[in-house]
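Here is the structure we will look at.
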Amino acid sequence: MGTISQEGVEAMTRRRNAARDSYRSVFETSLGFGGVVASEAGLLEVFLPFGGASRTEMIAEIAGAYPDAVADNTVTRRAAHLLWRYFAGEPVLFDLPVNWSVFTPFQTAVYHAVTDIPAGTMRSYGEIARQIGRPRAARAVGQAMAKNPLPIIIPCHRVVGAAGDLTGYSGAGGVLSKKWLLDIE
């Protein structure tokens, strides 16, 4: 097993600290319930509805990861509403604050580049690597995508293999979920 860089350790510490003062909201889709968690500084995590969870199950899943998140706030309510609309097939602009402080500088660069990918379009891991000035870091971009705690908000489903193939998706349902998300856009 690999070692975690000092930068990675610092990001994990920032994430744990942000989770102490967190808020949550849930949203219902035709696939089940999803959830969203934020700190005062912005969004921390999106829980996708692909597992078919009930409201109670989703709240329990969020509570397992964020035990202090027992109420909602303006950001989580707005994010939940926008995600509900997105899963209903509506075009949505996710103009929400993100708590960027919980990411490493590399993740931040990757996630900013990915948020610029327009709905209904795709970019390869290599294209993202070149865009952030790290042309040989396509694999590292893929690793950042696998750790993306804000799917849909940071639309990692729009990042594909060099040949346009739908490689890996760490969310519930894997590549089938990635295909579904691309199809609704």
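The values are calculated or read from the model by the stated rules, or taken from the named source; none is laboratory data. If you're wondering where the values come from, they're calculated on a predicted model, not measured in any experiment. In this analysis, Cβ positions are derived from the backbone assuming ideal geometry, glycine residues included, and neighbour counts consider all displayed protein chains.
Here V110 fulfils each of the conditions (1) assigned by TED's automatic domain parsing to the domain that holds A41; (2) touching a residue at least 12 places away in the same chain (Cβ under 8 Å) apart from (1).
Taken over segment 87-113, the criterion of being β-branched (V, I, T) and touching a strand residue (DSSP E or B) at 6+ places or on another chain (Cβ under 6 Å) is satisfied by V98 alone. From the list L96, L166, L182, the one residue that fits, being within 14 Å of the chain's Cα centre (by Cα) and either without any contact (Cβ under 8 Å) to a residue 60 or more places away in the chain or at negative phi (or both), is L96. Among the residues of segment 48-87, those identified as aliphatic (A, V, I, L, M), surrounded by fewer than 13 Cβ atoms within 10 Å (Cβ to Cβ) and in a loop (DSSP other than H, G, I, E, B) are V70, A71. For A140, indicate whether it is under 14 Å from V114 (Cβ atoms) and either at pLDDT below 95 or over 12 Å from the mean Cα position of the chain (by Cα) (or both). The answer is yes for A140.
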